[in-house]
Amino acid sequence: MKTSVPLSVDAVLAALEPVQDPELGKSLVQLNMIRNVTLEGGTVAFTLVLTTPACPLKELIVDDCKRAVLKLDGVTDVEVEVTAETPAQASLPDRQGIDGVKNIIAISSGKGGVGKSSVAVNVAVALAQTGAKVGLLDADIYGPNGPNMLGLADANVMVQAGEDGKEVLEPAFNHGVKLVSMAFLIDRDQPVIWRGPMLNGVIRQFLYQVTWGELDYLIVDMPPGTGDAQLTLAQAVPMAGAAIVTTPQEVALLDSRKGLKMFEQLGVPVLGIVENMSYFVPPDLPDRRYDIFGSGGGEKTAKELGVELLGCVPLEIPMREGGDCGVPIVVAQPDSASAQALKKIAGQIAAQISVAALRDRV
């Protein structure tokens with residue numbers, strides 16, 4: 001039913017006032033997410049400024065806005081330009097942020113071999129595909145695989161002198177993601193045989209002595225476990241959150257619980273659990289699925305620990321092939337079950353971080 005209010009910018013804003021951000025439950029107008037309202041004949045145009053390019057509810061919000069404005073008398077069409085301004089994580093007095101980096105996110109696991117790096121790489125690329133500015137810090141110093149998985153195994157990175165005289169590393173770039181990794185600084189077969197203090201030092205260098213530039217998200221691919229690397233990161237920078245990767249297998253779930261509790265004890269928000277290798281899809285029988293590592297473990301653990309299950313990623317051969325050849329599955333086969341699951345996980349992570357940052361403001 002049309003309203004008889006004279007058409008004006010104020011009338012459009014009043015019509016949009018009841019439309020809320022689904023996550024925050026606050027008016028889009030009050031949150032300053034509706035901007036640049038213009039009227040031309042019966043056409044109303046405005047800009048919808050989302051809190052992340054990866055917003056999973058974008059289409060829902062746009063539809064709600066259009067329905068609200070079309071109720072005004074004289075409106076025949078509504079044009080919505082969608083942009084995003086990713087809010088920055090709140091700073092902490094005892095932790096030093098990185099200039100230009102808005103949100104730092106750890107992708108971690110309690111146990112090795114659960115596909116944590118595959119998840120980290122694909123989440124980073126999926127966020128970049130939405131238009132976000134993304135970096136990936138390969139913090140697995142002893143087993144750095146980021147360059148291989150991003151197609152940067154042969155990349156040459158530049159080390160230059162910064163303004164303060166310290167060496168500054170220029171990250172490599174591919175698939176929309178900036179990458180720093182220990183693999184760029186050592187020979188291919190060279191092992192890293194370091195004690196904790198040296199590991200702590202290089203992680204801090206990767207945080208602060210890299211020309212990251214402006215980033216919406218810096219994804220940190222953590223080593224497995226609950227050791228020096230996790231402690232260094234959590235105590236050095238204000239972190240927006242951590243996602244824990246596991247498989248449905250009981251031994252992996254036991255270790256994932258320890259990793260999750262570690263971040264909680266360090267004051268880092270836990271974004272949720274990713275169940276990787278959730279089930280196997282045979283390439284010749286795509287309609288079948290086999291629970292090789294069990295089933296339901298991620299969902300059960302998430303409920304028991306009071307966190308969100310961010311998603312379940314199936315075990316598909318192209319997932320492994322993408323990691324080996326340097327073309328992540330969200331690029332190589334974007335319509336595959338694995339790619340769709342990883343894109344959804346990336347959206348869930350981005351949405352949680354944006355909501356948390358905005359809650360600090362309203």
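So that you can scan it fast, the table gives a plain yes or no per residue for (1) surrounded by fewer than 18 Cβ atoms within 10 Å (Cβ to Cβ); (2) closer than 21 Å to Ile104 by Cβ; (3) among the small types (Gly, Ala, Ser):
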| position | (1), (2), (3) |
| --- | --- |
| Ser181 | no, yes, yes |
| Met198 | yes, no, no |
| Gln205 | yes, yes, no |
| Thr211 | yes, yes, no |
| Ala242 | no, yes, yes |
| Arg257 | yes, no, no |
| request: Write out, first by first residue and then by second, each pair whose Cβ atoms fall under 6 Å of each other, whose residues are 6+ apart or on separate chains, and whose first residue, in the range 125-150, is of a type in the set (D, E, K, R) while the second is assigned to a loop (DSSP other than H, G, I, E, B). | output: Lys133/Glu214; Lys133/Asp216; Asp138/Pro144; Asp140/Pro223
| said: Give me the strands (runs of 3 or more DSSP E) completely within the range 154-241, filtered to those with at least 1 residues that are farther than 29 Å from Ala332 by Cβ and free of Cβ contacts under 8 Å to residues at least 12 places away in the same chain, ordered by residue number. | reply: 159-161
| remark: Subset of the range 176-220, residues over 23 Å from Gln160 (Cβ atoms) and of a type in the set (Ser, Thr, Tyr), comes to Tyr217
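For (1) under 21 Å from the mean Cα position of the chain (by Cα); (2) among the aliphatic types (A, V, I, L, M); (3) assigned to a loop (DSSP other than H, G, I, E, B), each residue gets a yes or a no:
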| position | (1), (2), (3) |
| --- | --- |
| Pro18 | no, no, yes |
| Gln30 | no, no, yes |
| Arg35 | no, no, no |
| Thr38 | no, no, no |
| Ala45 | no, yes, no |
| Val80 | no, yes, no |
| Ala90 | yes, yes, yes |
| task | Could you pull out the residue among Leu218, Leu185, Leu199, Leu231 that is of a type outside the set (Lys, Arg) and under 19 Å from the mean Cα position of the chain (by Cα)? | result | Leu218
| message | Residue under question is Ala252, and the condition is that it be more than 19 Å from the chain's Cα centre (by Cα) and over 17 Å from Ala302 (Cα atoms); does it hold? | response | no
| said: So, Ala346, is that one modelled with pLDDT under 95 and surrounded by 19 or more Cβ atoms within 10 Å (Cβ to Cβ) or not? | reply: no
| When residues of the range 319-343 are limited to those that are touching a Ser or Thr at 6+ places or on another chain (Cβ under 6 Å) and buried (at least 24 other Cβ atoms within 10 Å of the Cβ), the one farthest from Val114 (Cα to Cα) | Ile329
| task | Taking the residues in the range 51-67 that are over 18 Å from Ala11 (Cα atoms) and touching a residue at least 40 places away in the same chain (Cβ under 8 Å) as candidates, determine which candidate is farthest from the chain's Cα centre (by Cα). | result | Ile61
| message | Criterion first (of a type in the set (Lys, Arg) and either without any contact (Cβ under 8 Å) to a residue 12 or more places away in the chain or more than 26 Å from Ala88 (Cβ to Cβ) (or both)) does Lys116 satisfy it? | response | no
| said: Looking for something of a type outside the set (Asp, Glu), surrounded by fewer than 24 Cβ atoms within 10 Å (Cβ to Cβ), modelled with pLDDT under 90 and part of a loop (DSSP other than H, G, I, E, B) - is there at least one such residue anywhere in the range 115-131? | reply: no
| Yes or no: Glu59 closer than 23 Å to Ile349 by Cβ and not in a loop (DSSP other than H, G, I, E, B)? | yes
| task | Have a look at Gly322, Gly306, Gly311, Gly326 and point out the one that is modelled with pLDDT of 90 or more and under 22 Å from Thr51 (Cα atoms). | result | Gly311
| Near pairs, Cβ below 8 angstrom, 6+ apart or cross-chain, from the range 247-259 (touching a residue at least 40 places away in the same chain (Cβ under 8 Å) and over 18 Å from Ile292 (Cβ atoms)) to any residue that is in a helix (DSSP H, G or I) and of a type in the set (A, V, I, L, M) | Arg257/Leu305
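The values are calculated or read from the model by the stated rules, or taken from the named source; none is laboratory data. Since the structure is predicted, the reported quantities are computational estimates derived from the model, not experimental observations. Ideal geometry is used to build each Cβ from the backbone, glycine not excepted, and the neighbour counts take in all protein chains shown.
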